[in-house]
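The structure under discussion appears below in the form of structure tokens.
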Amino acid sequence: MRLREIVEALNLEILNEGEHLDEVVLGGYVGDLLSDVIASGTAHHLWVTIQVHENIIAVASLKDLAGIIVAKNSTPLEETLENAREEGVTLLRSPLNSYQLVTKLSELGISGG
Amino acid sequence: MFKKVFRVEGGNFQKAGSVSKQIKKILKQLNLDGELIWRAMIIAYEAEINAVLYAHECQVSLEITAEKIYMRFKDKGPGIPDISLAMTEGYSTATRAMRERGFGAGLGLPNIRKTSDHFEITSTVGVGTTLDIDLFLN
Ligand SMILES: Nc1ncnc2c1ncn2[C@@H]1O[C@H](COP(=O)(O)OP(=O)(O)OP(=O)(O)O)[C@@H](O)[C@H]1O
Ligand SMILES: [Mg+2]
């Protein structure tokens, strides 16, 4: 499934379009500890997190993640948006919590990889 | 043989990861294997973040030969009083502010060691810490 279709199905808010909306999403990962995500994050997987500071962008970019979904409508810092624009990282947001998001992603066939 | 030196500024969160990004670009341009780049990024990111979190500044040397990728992170900073403790999974002196940002799981150094083919750490309290890392190309 393409990221764009997931955005529509889950009614995600696009905070930064980035370069990945037409990418096929191969799986997903949940985490709020950056060391965990940099080690376990996989290319073309979606990352669900409640972290909103600028360093999440480098993690997504270095690991070629498909995008970041910020859970619980957390508000990213201005620096986060700035880095996302600069790096072409697709940054999305939802009022749902991480568990609810994963449940919905799973229903769409997006697995843990 | 390819050689390049970078500098990481301690305390600069907004720029944290930018040296790793430059290294990634070089490895990609050299057409290195994707899995190898992926491992190099775990190492570079963790070492760079530690420099940003704990050191004043850090010099990063990247060398690529036909056999291996060599990375050295040599920082000026407080140093590490007990290296084996610092290498323990879960051990962290990260402040509350750092933890709120998702740092401080105490996994950085253990993951660098796990991901490297060869790993060495030396540190002098009050002077700084040096990491030497090899990733073999095959
Ligand atoms: N360059 C350094 N200079 C001084 N102390 C360091 C340095 N790197 C690591 N340390 C010390 O070693 C500890 C463990 O480092 P490690 O990278 O494994 O975990 P962390 O940085 O605390 O958490 P994480 O990397 O999971 O976000 C740190 O909390 C810090 O006390
Ligand atoms: Mg660390």
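How large is the helix-only mean residue ellipticity at 222 nm for chain B, computed as the sum of -39500 (n - 2.57) over DSSP H runs with n ≥ 4, divided by its residue count, in deg cm²/dmol to the nearest 500?
About -10500 deg cm²/dmol.
Per residue and in Å³, how big is the convex hull formed by the alpha-carbon atoms of the range B:2-136? It would help to have the intermediate numbers written out before the result.
Values: hull volume 13.2 nm³, N = 135.
Looking at the range B:2-136, the number lands at 98 Å³ per residue.
Percent relative contact order of chain B, based on C-alpha pairs within less than 8 angstrom and at least six residues apart?
That works out to 27 percent.
Got a sec to turn the phi values of the range A:79-89 into Karplus ³J(HN,Hα) couplings, 6.51 cos²θ - 1.76 cosθ + 1.60 with θ = phi - 60°, whole Hz, x for Gly and Pro?
Using θ = phi - 60°, the values come out as 4, 5, 5, 4, 5, 4, 4, 5, 8, x, 7 Hz.
Using the count of nearby Cβ atoms within 10 Å as a rough guide to exposure, how do A:Val25, B:Val52 rank from fewest to most?
Working: A:Val25 22, B:Val52 25.
Ascending Cβ contact count within 10 Å gives the list A:Val25, B:Val52.
For each of B:Thr115, B:Thr122, count neighbouring Cβ atoms within 10 Å of the residue's Cβ, then give the residues from fewest to most.
B:Thr122, B:Thr115
Summing -39500 (n - 2.57) over the DSSP H runs of n ≥ 4 in chain A and dividing by its residue number, what mean residue ellipticity at 222 nm do you reach, to the nearest 500 deg cm²/dmol?
Calculated from helices alone, the mean residue ellipticity at 222 nm is -10000 deg cm²/dmol.
Given R₀ = 30 Å, what would the calculated FRET efficiency be for B:Arg96 paired with B:Ser61, taking r from the Cβ atoms and rounding to 0.05?
0.35
Please rank B:Met1, A:Met1, B:Met71, fewest neighbouring Cβ atoms within 10 Å first, as an exposure proxy.
So the residues, fewest neighbours to most, are B:Met1, A:Met1, B:Met71.
Mean-square fluctuation check for chain B, GNM, Cα pairs under 10 Å: which of B:Gly17, B:Gly102, B:Gly77 is largest?
Greatest mean-square fluctuation among the candidates belongs to B:Gly102.
Say R0 is 35 Å: what FRET efficiency, to the nearest 0.05, do B:Lys25 and A:Thr103 get from their beta-carbon distance?
0.40
Taking the Cα centroid of the range B:17-47 and of the range A:79-113, what is the distance between the two, rounded to the nearest whole Å?
If we compute the Cα centre of each part, the gap is 23 Å.
What is the Cα radius of gyration of the range A:3-107 over 2.2 N^0.38 Å, N being its residue count?
0.92
Restricting to Cα atoms and excluding each atom paired with itself, what does the Kirkwood estimate give for the protein assembly as shown in Å?
18.5
Do you know the relative contact order of chain A, to the nearest whole percent, from alpha carbon pairs under 8 angstrom that are 6+ apart? Intermediate values should be presented prior to the final figure.
On the way: 236 pairs, mean separation 36.3, N = 113.
It rounds to 32 percent for chain A.
Taking 0.36 nm per intervening residue step and subtracting the Cα-Cα distance, what contour gain separates B:Leu85 from B:Asn138 on full extension?
The span from B:Leu85 to B:Asn138 would gain 15.9 nm if fully extended.
May I ask you to list, by number, the DSSP H helices of chain B whose Cα span along the axis is at least 15 Å and whose average Kyte-Doolittle hydropathy reaches -1.0 or more? Could the numbers behind the result be given before it?
Working: long enough: B:18-29 (17 Å, -0.60); B:34-54 (30 Å, 0.79).
Helices passing the filter in chain B: B:18-29, B:34-54.
Each value in this text was obtained by applying a stated rule to the coordinates, not by laboratory testing. A quick note: this is a predicted structure, and the numbers were derived from the prediction, not measured. All Cβ positions, glycine included, derive from the backbone under ideal geometry; neighbour counts span all protein chains shown.
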